[in-house]
Each structure stands twice: as C-alpha cells, then as structure tokens.
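Working notes, structure below.
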Amino acid sequence: MHGTENPSAWLERWAHLIAPSSRVLDVACGAGRHMRWLAAQGHRVQGVDRNPEALALAQAHGEVTCADIENGPWPFTGQTFGCVLVTHYLWRPLMPVILNSVAPGGVLIYETFAAGNETVGKPSRPDFLLHTGELLTATTGLRTVAYEDGFESSPDRFVQRIAAVRPLTSGDAQRWSLRPD
C-alpha cells in the first residue's frame, strides 16, 4: 500500500528547515510514511487523504482527515502550517490553496513526477506530470531554498522537487541553512 515505504530522501534532506514542534500537513498522505517520520522528529502531524483504509494506518502517527480534496472543499480553510508536504501528488487547481496553507516562516516541501516520466512508466498522463520549471513558477511568493528537476533511476523516473520557505512578514533578514546544524 502507498505510504508504507521509507520516507522521501528529499523530505529527510530538507526537514531541518521545519521549526521544532511545528504543525505539519501531509497532503495525500496515504498510509502515513511521512507522518510517521515527522512525528518521530517531534512535529504535530495532520494528514489528509481520500482512502479510509490508508488513513486507518496513518492515524497512529497523528491526526487524519478523510476528504476528496479534488472534488470537495479544502478541509483546512483558514489554517496554516509550519510545513506543508506533498509527495507523488499533483492536482493543479489545488496548488494555490496548498501554497496559502504555508504559514509565515513555514516551509513547503514538494516532490512529484515531471514531464518525461511518460517515457519510463506511470504516471504517464500529462495531467499528473509537472512541466519544466512548474514548481518554480507556482511558488514565486516563496523563497526557494532548493530545487531539482531531472531523472533518477532505481526505479527510473522523472521528478521535480522544491523546498521553499514563506518569509516572515517582519522584514527581518532570515537565514535558511542548506545543511542541518
């Protein structure tokens, strides 16, 4: 079942950007592989998915919400999070809502399949593949700390990923470390 694997290496690499004890939203969380890891790091984790069987596993690691976020209302209207995490999920109409859910000082960690993946496997429909540079364009209101767009093997896949921070509104200079302390 999706969500029982190890956490994403991209999440592990950039999780140091998440403030301690943050409230984290895992979008399309599946069975909670990232919820499990983030909870072990001391974060308060909220997952959302439309699959009740997967959420039954995920609920051991935090709060869960069963919702069809593609066809129904966004269940977190008016709420922001210290981190919003999205992996292996793309629904373009939801992108502005996801970005608005990142609190000032919070981080977006996003990783999914990109154009070119149709040549090596699934997903292959253009609706589920990011265009070149699409995450950079979508996150223009955030400060990009890291971005990758390319090919990986084992398994073969084209991916695009970003770690981006919403600046604080105070205007104070902020530093986002490229390595954990």
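A few points about this structure:
- Which numbered condition E63 fails, given (1) in contact with a Gly (Cβ under 6 Å, 6 or more places away or on another chain); (2) open to solvent by 70 Å² or more (accessible area, probe 1.4 Å): (1)
- Selected residue (criterion: farthest from T144 (Cα to Cα)) from residues of the stretch 103-120 that are polar (S, T, N, Q) and crowded, with 17+ Cβ neighbours inside 10 Å: N117
- Any chance L129 is free of Cβ contacts under 8 Å to residues at least 60 places away in the same chain, within 25 Å of R23 (Cβ to Cβ) and surrounded by 13 or more Cβ atoms within 10 Å (Cβ to Cβ): no
- Odd one out for L136 among (1) open to solvent by 60 Å² or more (accessible area, probe 1.4 Å); (2) assigned to a strand (DSSP E or B); (3) hydrophobic (A, V, I, L, M, F, W, C): (2)
- The single residue among V97, V64, V24, V45 that is of a type in the set (A, V, I, L, M), closer than 29 Å to G133 by Cβ and assigned to a strand (DSSP E or B) turns out to be V24.
- As a summary of the residue check, S153 satisfies the conditions (1) among the small types (G, A, S); (2) at pLDDT 90 or above; (3) on the phi > 0 side of the Ramachandran plot except for the one numbered (3).
Quick grid of which residues meet (1) modelled with pLDDT of 95 or more; (2) in contact with a helix residue (DSSP H, G or I) (Cβ under 8 Å, 6 or more places away or on another chain):
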residue: H88; (1), (2): no, no
residue: L94; (1), (2): yes, no
residue: I98; (1), (2): yes, no
residue: A103; (1), (2): yes, no
residue: V107; (1), (2): yes, yes
residue: A115; (1), (2): no, yes
residue: T119; (1), (2): no, no
residue: P123; (1), (2): no, yes
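- Which numbered condition E53 fails, given (1) surrounded by 13 or more Cβ atoms within 10 Å (Cβ to Cβ); (2) in contact (Cβ under 8 Å) with a residue 40 or more places away in the chain: (1)
- If you go through the stretch 23-44 and keep only what is farther than 21 Å from E70 by Cα and open to solvent by 10 Å² or more (accessible area, probe 1.4 Å), you end up with R23, R33, R36, W37, A39, A40, Q41, G42, H43, R44.
The values are calculated or read from the model by the stated rules, or taken from the named source; none is laboratory data. Quick caveat, the model's predicted, so the values are computed rather than measured. Every residue, glycine as well, gets a Cβ built from its backbone with ideal geometry; the counts of neighbours run over all protein chains shown. Ligands, DNA and RNA are stripped out before the accessible areas are found, and what is left, the full protein with its side chains, is counted by its heavy atoms. Shrake-Rupley method; radii C 1.70, N 1.55, O 1.52, S 1.80 Å.
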